[in-house]
Each structure stands twice: as structure tokens, then as C-alpha cells.
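As C-alpha cells, the structure follows; a few thoughts come after it.
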Amino acid sequence: MRLLTAVLLGSTLFGYASSTAAAEPLRPAAPNAECLDARKVTELHQADPRTLAVAEQGGRLFRISLAQDCPQLAAQADASLLAAHGWVCNGAPAYVSSGQQRCAVSQIASLSAREYASAARQRDSIIPTLDGVSVREARRRNFAGSSSYCFNPSMLRSWSEDGQGWWWKCRLVTPARIATTASN
């Protein structure tokens, strides 16, 4: 009886698995070795309005040239590659999509790691950034008799002296910690 139950259960599971596998169409192999697998894209950087640098999960790197200017395409969180069966190849229709914007791919080429890093660096150079800000207090001649210079030396992390004066870093102290430190 146990053998019959095991055989029936096994044949049922096998039939279900084979019907599920038959329902999913098999993905064809890449048309050639130079194709990008759009399903395995891990990084997408936009070097300029017509050029994208793409990293694939296996470590392969590509440059995608677009047919028209598509600024800020890769800056969107939903940017994706669209191609038949997920293979982006030269000569086959493919698109980069982001929101309502869809841009045609005109060419794809392999990149070296150095070229990929250069494209990513170029992307960073076109993003507007603010100038750095340095805030310093004017140098005092000596310590003066003020409670603002009192601190617990155990809270001191580091200190330094330069031509402008002294500076130090202390651990963050909460009001509760100050109360317990003062009572000790």
C-alpha cells in the first residue's frame, strides 16, 4: 500500500513538473557572443546624452550608443533595457526605457575595465555639485579663563594644531551622560 501511494504521488509530481516546464517557453541562446544579456544588468551609467556604460552580472562591460539624445536617462530608478528575449545585440531592435522615455539603441560594444571606469568618471563630471565649504574660527592667542574650554579628557578623541589654531574632536555626550559624568 505504501509503495502504491509513493508511485502515485511521484507520478503526480512528475506530471505537474513536466506540464509547468512545457508552459514556459525556452529562451533562445544569444545570437552571438557579443550580445548583452539585459536580464543580468547590474550597473548602468550615462556618460553623456547618447552613451551608456553597462555592467553585466558576469563581469562583462559594454558601451551602448543611443540613436538620439536622452539626457538623465540612467538617473531614473526604473531605467531598464528592452530587447527580444532579453538579448541586446548589434542590428537587433533594442531600447533603453525610463518612465515615459524610450530611446533606441544604435550600437553596442565591449569595454575594458579602464574604459568603463572612464565612462563612469565622465558621468560624475557632468553632475552639478556645490563648491566645498571650509568653516574655521579665528585663532585666539591663548586659553582664556572660560568654562567653554573645560572638557572631560576621557571624551577626547583627537586633536591637532595648525597655523590657524587648535582643534579637537570629542565623543558625543547626551544630557543623561553629562549628569552621570558630573556626579562621578
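Filtering Leu73, Leu61, Leu44 for residues that are under 12 Å from Tyr116 (Cα atoms), out of contact with any Gly (no Cβ under 6 Å at 6 or more places or on another chain) and modelled with pLDDT under 90 leaves a single hit, Leu44. Taking the numbered list (1) surrounded by fewer than 14 Cβ atoms within 10 Å (Cβ to Cβ); (2) within 19 Å of Val41 (Cβ to Cβ); (3) at pLDDT below 90; (4) basic (Lys, Arg) in turn, Arg123 passes all entries but (1). Taking segment 27-52 as the range and being surrounded by 13 or more Cβ atoms within 10 Å (Cβ to Cβ), touching a Cys at 6+ places or on another chain (Cβ under 9 Å) and not in a strand (DSSP E or B) as the test, the residues that pass are Ala30, Pro31, Glu34, Cys35, Pro49, Arg50. Applying the criterion of being touching a helix residue (DSSP H, G or I) at 6+ places or on another chain (Cβ under 8 Å) and either in a strand (DSSP E or B) or free of Cβ contacts under 8 Å to residues at least 40 places away in the same chain (or both) to the residues of segment 84-113, the residue that is surrounded by the fewest Cβ atoms within 10 Å (Cβ to Cβ) is Pro93.
Scanning segment 66-78 turns up one or more residues that are in contact with a strand residue (DSSP E or B) (Cβ under 8 Å, 6 or more places away or on another chain), assigned to a strand (DSSP E or B), surrounded by 13 or more Cβ atoms within 10 Å (Cβ to Cβ) and at negative phi.
The values are calculated or read from the model by the stated rules, or taken from the named source; none is laboratory data. Keep in mind that this is a model prediction, so the values were computed, not measured. Cβ atoms come from the backbone with ideal geometry, glycine included; neighbour counts cover every protein chain shown.
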